Amino acid sequence: MKIAFVGKGGSGKTTLSSLFIRHLAANEAHVVAVDADINQHLGAALGLDEAEAAALPAMGAHLPLIKEYLRGSNPRIASAETMIKTTPPGEGSRLLRVDEDNPVYDACARVVHLDDGDIRLMATGPFTESDLGVSCYHSKVGAVELCLNHLVDGRDDYVVVDMTAGSDSFASGMFTRFDMTFLVAEPTRKGVSVYRQYKEYARDFGIELKVVGNKVQGPDDVDFLRDEVGDDLLITVGHSNWVRGMEKGRPSPFELLEADNRMSLQALQNAAEDTYDNRDWERYTRQMVHFHLKNAESWGNAKTGADLAAQVDPAFVLHEHAADVSSALPACP
């Protein structure tokens, strides 16, 4: 399943996504974690030291490799150069699975050893000074979106993406790539304003959205969030001595995380799993195509010099068993 953690800056979404990743690993799920936040703190939250976090390969730096691998033998895509971040798969495309080895993971992922299991960690790469004035951060996450478009995942597979704050994901349709979006909101007016923005964008696309109330100090905070977001409020989280120790660089074993917080993480997993039986791969593929055509018309055709609408395979529907077809393709040289 594909899970996004979103919210305004400082809401605690990176901390909560890292706890959820640890929880999934402890439950023996297959996990690929992706740091798509502009500030790139997920590695540190998962226990990497400063040097290890800085050494994570940037997905954007390997975009040509990613495109060439995913293109496979798809006859509708003339070259990797004509692929954009919204390019959908079709017959002949290579697809990604969570629990496999492939050139994309070899180049872009690193194994992180957690207390109760290992996960793969990928990162978009930080927004650098050279980017200022010439690009915006949603171009950095293009590699993530392209991988999500070509990903097939099962019930015990998880891709957890720590998203950048703000509305960049709405520019390309990336917000429709997830089975569940957890919006982390503080019990403040600013916190719930982000919720309203996501709710408005998601309304017409069947997006599963649940609110995680963070930094909640008492019943008044819970009542405030309930009044503002209603039944979308899934859980609330308060102070954690375990998290405080982690932030000081003195983490305790994950099994010592407070019982109520462990129950909250299980509630997140339960909510995510509840979406599995409602998967609609045809709608998922249709939305992918919709945003690709929209991006092709607005900028993609001009940038690549190609008619990107021709990349759409009208007979192709992404689904779990499609991975069996891509696995028969020859290995990427």
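The values are calculated or read from the model by the stated rules, or taken from the named source; none is laboratory data. All of these numbers come straight from a predicted model, not from anything done at the bench. All Cβ positions, glycine included, derive from the backbone under ideal geometry; neighbour counts span all protein chains shown. Ligands, DNA and RNA are stripped out before the accessible areas are found, and what is left, the full protein with its side chains, is counted by its heavy atoms. Shrake-Rupley method; radii C 1.70, N 1.55, O 1.52, S 1.80 Å.
Here are the numbers:
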{"item": "Within the stretch 261-288, tally of residues that are surrounded by 12 or more Cβ atoms within 10 Å (Cβ to Cβ), more than 18 Å from the chain's Cα centre (by Cα) and under 19 Å from Thr15 (Cα atoms)", "result": "5"}
{"item": "Inter-residue pairs, beta-carbon under 9 Å, first closer than 20 Å to Leu16 by Cα and in the stretch 269-284, second of a type in the set (D, E, K, R) and open to solvent by 80 Å² or more (accessible area, probe 1.4 Å), 6+ apart", "result": "Glu273/Arg155"}
{"item": "Per-region count, the stretch 44-54, residues in contact with a strand residue (DSSP E or B) (Cβ under 8 Å, 6 or more places away or on another chain) and over 12 Å from Arg120 (Cβ atoms)", "result": "2"}
{"item": "Filtered residue count, the stretch 42-65, keeping only those that are open to solvent by less than 30 Å² (accessible area, probe 1.4 Å), under 23 Å from Arg250 (Cα atoms) and assigned to a loop (DSSP other than H, G, I, E, B)", "result": "1"}
{"item": "Among residues of the stretch 208-235, those that are in contact with a Pro (Cβ under 9 Å, 6 or more places away or on another chain), of a type outside the set (A, V, I, L, M, F, W, C) and open to solvent by less than 60 Å² (accessible area, probe 1.4 Å), counted", "result": "3"}
{"item": "Residue tally, condition modelled with pLDDT of 95 or more, in a loop (DSSP other than H, G, I, E, B) and acidic (Asp, Glu), over the stretch 101-134", "result": "1"}
{"item": "Hey, Arg94 assigned to a strand (DSSP E or B), at pLDDT 95 or above and over 16 Å from Phe20 (Cα atoms) or not", "result": "no"}
{"item": "Test for Glu91: is it in contact (Cβ under 8 Å) with a residue 24 or more places away in the chain, charged (D, E, K, R), open to solvent by 10 Å² or more (accessible area, probe 1.4 Å) and out of contact with any helix residue (DSSP H, G or I) (no Cβ under 7 Å at 6 or more places or on another chain)", "result": "yes"}
{"item": "Residues satisfying the stated conditions in the stretch 294-319, i.e. open to solvent by 40 Å² or more (accessible area, probe 1.4 Å) and in contact with a Leu (Cβ under 8 Å, 6 or more places away or on another chain)", "result": "Asn301, Ala309"}
{"item": "Subset of the stretch 193-220 [of a type in the set (A, V, I, L, M) and either within 22 Å of Ala36 (Cα to Cα) or modelled with pLDDT under 90 (or both)]", "result": "Val194, Ala202, Ile207, Leu209, Val211, Val212"}
{"item": "Selection status of Val6, closer than 24 Å to Asp260 by Cα and either small (Gly, Ala, Ser) or under 12 Å from the mean Cα position of the chain (by Cα) (or both)", "result": "yes"}
{"item": "Residues of the stretch 236-260 classified as of a type in the set (A, V, I, L, M, F, W, C) and either loosely packed, with under 11 Cβ neighbours inside 10 Å or within 21 Å of Gly191 (Cβ to Cβ) (or both), total", "result": "3"}
{"item": "Of all residues making up the stretch 15-41, the number that are crowded, with 24+ Cβ neighbours inside 10 Å and either at pLDDT below 95 or in a loop (DSSP other than H, G, I, E, B) (or both)", "result": "2"}
{"item": "Candidate set: the stretch 1-14, residues that are open to solvent by 10 Å² or more (accessible area, probe 1.4 Å) and assigned to a loop (DSSP other than H, G, I, E, B); chosen: the one nearest to Glu247 (Cα to Cα)", "result": "Gly12"}
